[in-house]
Amino acid sequence: MTSITLKQLEIFVAVANKLSFSSAANSLHLTQPAISKQIRNLEEQCGYTLFEQVGKKIYLTETGQHLLKYTENILGAVELLNDNINQSDHIIGGKLRIGMGDTLQHVMFDILADFRNLYPKVEFNVSINNYPVLSEQLLENKLDFAIMGNVGTRFGLTAELITRPPLLLVASAKHPIAIKRKITFKELQNETFIIGEHGSASYILTNELFNKIQPIDEKIFQISNFEAMKHAVKANLGVAILAKFILSSELTKGSIASLNVVGLDPMKLDLYWVQHKDKQLSKAGKLFKKMVFKQLKLLEH
């Protein structure tokens with residue numbers, strides 16, 4: 001019996017993720033017959049059918065699903081080994097697969113640029129998405145780690161609090177409410193609230209605010225992108241709860257105003273470093289984590 005090769009496992013993962021022999025062949029720059037032959041050989045070596053065809057589509061069998069989990073862990077360990085072998089104290093390289101929440105684009109790309117200036121041989125693969133998607137990518141070993149806000153509890157993941165920067169209730173400077181020095185909850189009853197997607201900090205805190213200003217005509221303008229929410233506020237489409245660090249330019253120029261609501265407690269955005277509980281970071285990953293914690297701490301002010 002011949003041994004299973006890493007090449008076979010890489011091909012298996014590509015087919016399993018795309019559920020298409022032709023798509024896997026294109027991504028790996030191989031021919032479709034070569035891909036099919038390697039999968040047949042792997043099935044013969046395992047003694048199990050890994051894919052089944054229903055109509056024109058292919059699906060992983062139950063055995064195939066189990067093998068995929070083990071294979072992704074094996075390939076992840078090999079990648080980590082290669083990274084550490086190729087890295088010395090003076091030459092840090094490899095690839096970092098990074099996830100981040102939409103709110104953090106404003107600062108994370110500056111951190112990536114600073115890190116690349118120090119370690120130009122490090123490559124980045126960035127996924128910008130919400131918590132449910134990023135957590136799945138972490139569990140499937142498609143990401144090394146993720147930086148995001150207000151995470152939930154997910155088995156198999158660890159979350160380490162980085163910092164708690166302030167959130168503000170804001171409105172366009174064109175809005176009549178923006179010139180008021182003090183605002184009551186009652187004055188917010190007829191406002192349109194611009195909120196983020198379900199589960200976001202904006203969504204959660206806005207709904208908590210609704211409980212304080214009852215009765216309220218819940219006029220909602222829902223936008224999934226925080227940068228778009230900021231522009232909607234500037235256009236005077238409603239008020240919103242947004243992170244102070246994405247508003248620095250607008251607050252300085254006076255195009256957006258922070259609202260002082262009597263009785264409204266200070267709001268914070270909890271930012272976390274999240275990774276698989278069994279994930280071992282490469283040297284580059286550890287250095288990047290140190291930089292992220294140091295620079296994101298500055299957002300507290």
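The values are calculated or read from the model by the stated rules, or taken from the named source; none is laboratory data. Nothing here was measured: the structure is a model prediction, and the numbers come from that model. We place every Cβ from the backbone using ideal geometry, glycine too, and count neighbours over all the protein chains shown.
Just a few scattered comments:
- Checked across region 261-269, the condition of being assigned to a strand (DSSP E or B), over 23 Å from PHE115 (Cα atoms) and charged (D, E, K, R) holds for at least one residue.
- ILE256 falls short of the stated requirement of being crowded, with 20+ Cβ neighbours inside 10 Å, modelled with pLDDT of 90 or more, touching a Gly at 6+ places or on another chain (Cβ under 8 Å) and of a type outside the set (Lys, Arg).
- Of all the listed residues (VAL292, VAL239, VAL262), the sole one being closer than 29 Å to ALA146 by Cβ and β-branched (Val, Ile, Thr) is VAL292.
- Which listed residue is over 21 Å from the mean Cα position of the chain (by Cα) and without any contact (Cβ under 8 Å) to a residue 60 or more places away in the chain, from LEU112, LEU75, LEU68: LEU68
- Test: residue in region 243-250 that is among the small types (Gly, Ala, Ser) and under 19 Å from the mean Cα position of the chain (by Cα): yes
Table: residues versus (1) surrounded by fewer than 18 Cβ atoms within 10 Å (Cβ to Cβ); (2) at pLDDT below 90.
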position: GLU72; (1), (2): no, yes
position: ASP89; (1), (2): yes, yes
position: ILE98; (1), (2): no, no
position: ASP102; (1), (2): no, yes
position: ASP110; (1), (2): yes, no
position: ALA113; (1), (2): yes, no
position: ASN130; (1), (2): yes, yes
position: ASP144; (1), (2): no, no
position: ILE147; (1), (2): no, no
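- Tally, over region 8-50, of residues that are in contact (Cβ under 8 Å) with a residue 24 or more places away in the chain and touching an Asp or Glu at 6+ places or on another chain (Cβ under 8 Å): 2
- For ILE246: the one exception among (1) farther than 24 Å from ILE111 by Cα; (2) surrounded by 16 or more Cβ atoms within 10 Å (Cβ to Cβ): (1)
- When each of THR158, THR103 is tested for being within 30 Å of GLY238 (Cα to Cα) and either outside any strand (DSSP E or B) or not hydrophobic (A, V, I, L, M, F, W, C) (or both), the lone residue that passes is THR103.
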